[in-house]
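Asker: Please see the structure below; I have some questions.
Values in this text are rule-based calculations from the coordinates and carry no lab data. Note that this is a predicted model, so its numbers are computed, not measured. So basically every Cβ, Gly included, is an ideal-geometry build from the backbone, and we count neighbours across all protein chains shown.
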Amino acid sequence: MNKRHFLTTAVALGAASSAFAAKRETNGACAAAPAILTISGAIKRHNRGATDPALDQLFHKQLVTFPEAYTHSFQSLASLPAVTIRPTLEYDAQPHTLSGPLLSEVLQGVGAPDAGATKIMLRAIDGYAVMVPLDTVRAYRFIVATHLDGKPMPLGGLGPLWAVYDADRIPELASKPLKERFVSCPWAVYHVQVSEA
């Protein structure tokens, strides 16, 4: 083998491995921030494809399918303007500070319909799901809580995300027993489905 041929081959292999490494680095950056909230249905913005029955097992087991969707990582949600609320929680009957972006603004960011009768399905990891009209999402000022008492909420607790409102500041809810105030607030929410009225 002559030196020129050897050096040409080495340079070509080096360039190919650099391109491969750059591609892996890009893919690794995506993997560093996994999706924790998926929004599907009647939205205009998308950044992921259809559900995969083999690899999207939670969606598959809960019979959720979509042709395309928009996903948020914890970091992307936490980077949005946050609202802070301080409701009394049913679990310990104590006020706690919750913060995160307004759900209505998260929906607006993905191009959800603006009509008040638009239906918003909030689905939790345990399968609990509730349908709420967009008018109610706005009136109650639902947030996608990312933090509880200043700390990120862990999976296994109420997080990592909780669709919640300040029931103490909503007269028709504040008058109810504590255990009945949060029926429209799934903790460990992972999927939002938007349906036009």
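Asker: Hey, could you check the range 90-111 for residues that are surrounded by 18 or more Cβ atoms within 10 Å (Cβ to Cβ) and out of contact with any Ser or Thr (no Cβ under 6 Å at 6 or more places or on another chain) and say which is farthest from Lys176 (Cα to Cα)?
Answerer: Val110
Asker: Examine the range 63-72 for a residue that is among the acidic types (Asp, Glu) and over 22 Å from Asp168 (Cβ atoms), and state whether such a residue exists. Walk me through how you get there before you give the answer.
Answerer: Within the range 63-72, the first condition is being among the acidic types (Asp, Glu), and the residues that meet it are 68.
Among the residues that remain, those that are also over 22 Å from Asp168 (Cβ atoms) are: 68.
Yes, because at least one residue in the range 63-72 is among the acidic types (Asp, Glu) and over 22 Å from Asp168 (Cβ atoms).
Asker: Report, by residue number, each residue of the range 84-133 that is among the polar types (S, T, N, Q), in a strand (DSSP E or B), touching a residue at least 40 places away in the same chain (Cβ under 8 Å) and over 19 Å from Val192 (Cβ atoms).
Answerer: Restricting attention to the range 84-133, the residues satisfying the condition of being among the polar types (S, T, N, Q) are 84, 88, 94, 97, 99, 104, 108, 118.
Then drop every residue that is not in a strand (DSSP E or B), which leaves 84, 88, 99.
Subset that is touching a residue at least 40 places away in the same chain (Cβ under 8 Å): 88, 99.
Thr88 - this is the single residue of the range 84-133 that is among the polar types (S, T, N, Q), in a strand (DSSP E or B), touching a residue at least 40 places away in the same chain (Cβ under 8 Å) and over 19 Å from Val192 (Cβ atoms).
Asker: For the range 144-184, give me each residue that is hydroxyl-bearing (Ser, Thr, Tyr) and over 19 Å from the mean Cα position of the chain (by Cα). Show your work before the answer.
Answerer: Step one: of the range 144-184, the residues hydroxyl-bearing (Ser, Thr, Tyr) are 146, 165, 175, 184.
Within the range 144-184, Ser175 is the sole residue that qualifies.
Asker: Any idea which residue in the range 145-184 is surrounded by the most Cβ atoms within 10 Å (Cβ to Cβ), counting only those that are among the β-branched types (Val, Ile, Thr) and within 15 Å of Pro87 (Cβ to Cβ)? Step through it out loud before you land on a result.
Answerer: Step one: list which residues in the range 145-184 are among the β-branched types (Val, Ile, Thr), which gives 146, 164, 170, 183.
Subsequent filtering for residues that are within 15 Å of Pro87 (Cβ to Cβ) retains 164, 170, 183.
Working: Val164: 26, Ile170: 16, Val183: 11.
Here the answer is Val164.
Asker: For the list (1) crowded, with 21+ Cβ neighbours inside 10 Å; (2) touching a helix residue (DSSP H, G or I) at 6+ places or on another chain (Cβ under 6 Å), I need the number of the one condition that Gly116 fails.
Answerer: Going through (1) crowded, with 21+ Cβ neighbours inside 10 Å; (2) touching a helix residue (DSSP H, G or I) at 6+ places or on another chain (Cβ under 6 Å) one by one, Gly116 breaks only (1).
Asker: Then there's this: Tell me whether the range 185-192 contains one or more residues that are over 17 Å from the mean Cα position of the chain (by Cα) and either aromatic (Phe, Trp, Tyr) or farther than 17 Å from Ile85 by Cα (or both).
Answerer: The first filter runs over the range 185-192 and keeps only residues over 17 Å from the mean Cα position of the chain (by Cα), leaving none.
Scanning the range 185-192, I find no residue that is over 17 Å from the mean Cα position of the chain (by Cα) and either aromatic (Phe, Trp, Tyr) or farther than 17 Å from Ile85 by Cα (or both), so the answer is no.
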